[in-house]
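A quick write-up on the structure given underneath.
The values are calculated or read from the model by the stated rules, or taken from the named source; none is laboratory data. Model, not experiment: these values are computed from the prediction. Cβ placement follows ideal geometry from the backbone for every residue including glycine, while neighbour counts extend to all protein chains displayed.
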Amino acid sequence: MVKGISNKIIGNLIAGRGIEALSILGLIVVWQLAASAVNDTLLLPSFLQVVDAFSHEWQTILTEDLPTSLLHFFIGMAGGLLVALPLGMSMGWFRAADRILDPIVEIVRPIPPLAWIPFAIVWFGLTDEAAGFIIFVGAVFPILINTYTGFRSLPRVYVESAKVLGATKDIDLVRYVAFPYALPSIAGGIRIAMGIAWMCLVAAEQFGVSTSGLGYKIWSYYYLHQMDYVLLYIVMLGLLGLVIDRTFRYVVEERLLKWQVGLTQ
């Protein structure tokens, strides 16, 4: 009977969120054991050491570094959306716009975002806008390309059917046919862009575009050889990135694309 109850509990854990918690717990155990085996804080701080660092640093993280990095992130992502969506939609819908803008996009797109750091500093100084600009450069092209792809892949039969039903203007066709059809592709581009933007944020803050933030503190504590604090900020970056990604996925999948999730289940 006890065995049956135990199996039922384990089954419920696996069916719910328990398996995810067990996965994280296993990672923590392996991390702690590996740090104990290495026995060198400079090479690999243990989980308990990172927790101790958090107990001393949590106020600074919550009141200074986290708000600063989130501000940088949202400046860059907002700029990327404002530029990429109209351009991608125009290039995907109007052939003339595609022919005019495609060479420019393909010249600028391969340039690494970090290559723009000198200009970001010259144009904006050591400000939030400078860090946001680097993030913008990293985020704008995934959104643009996915928006373009979503619009270009629209089946012509959908457009012809909409015209038969009375949607003859381009603005109506884009609003009621092309944009809803392309929304899954656009959402995928935004999600990719968020991951790239998060990497650009860390690099921008580390290379001196900003004087605060999670990325800046990683570099700052590295110079002090306080690797437990370095790893603490790395973990905070990972956790925050996870929260942002899960929140975005919930909003998109449960609100905007609930119909698509239902079809794939």
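Couple of notes before you dig in:
- Helices (runs of 4 or more DSSP H) (entirely within segment 89-152) containing at least 3 residues that are in contact with a Phe, Trp or Tyr (Cβ under 8 Å, 6 or more places away or on another chain) and surrounded by 13 or more Cβ atoms within 10 Å (Cβ to Cβ): 117-124, 128-152
- Thr168 more than 30 Å from Glu205 (Cα to Cα), out of contact with any Ser or Thr (no Cβ under 8 Å at 6 or more places or on another chain) and polar (S, T, N, Q): yes
- Output for segment 33-56, where each listed residue is touching a Leu at 6+ places or on another chain (Cβ under 7 Å) and either assigned to a helix (DSSP H, G or I) or at pLDDT below 85 (or both): Ala34, Ala35, Val38, Val50, Ala53, Phe54
- Considering residues of segment 88-115 that are under 22 Å from the mean Cα position of the chain (by Cα) and without any contact (Cβ under 8 Å) to a residue 60 or more places away in the chain only, the residue farthest from Ala178 (Cα to Cα): Ala115
- Count of segment 179-222 residues which are in a loop (DSSP other than H, G, I, E, B), buried (at least 23 other Cβ atoms within 10 Å of the Cβ) and not β-branched (Val, Ile, Thr): 2
- All of (1) over 30 Å from Val50 (Cβ atoms); (2) modelled with pLDDT under 85 hold for Tyr181 with one exception: (2).
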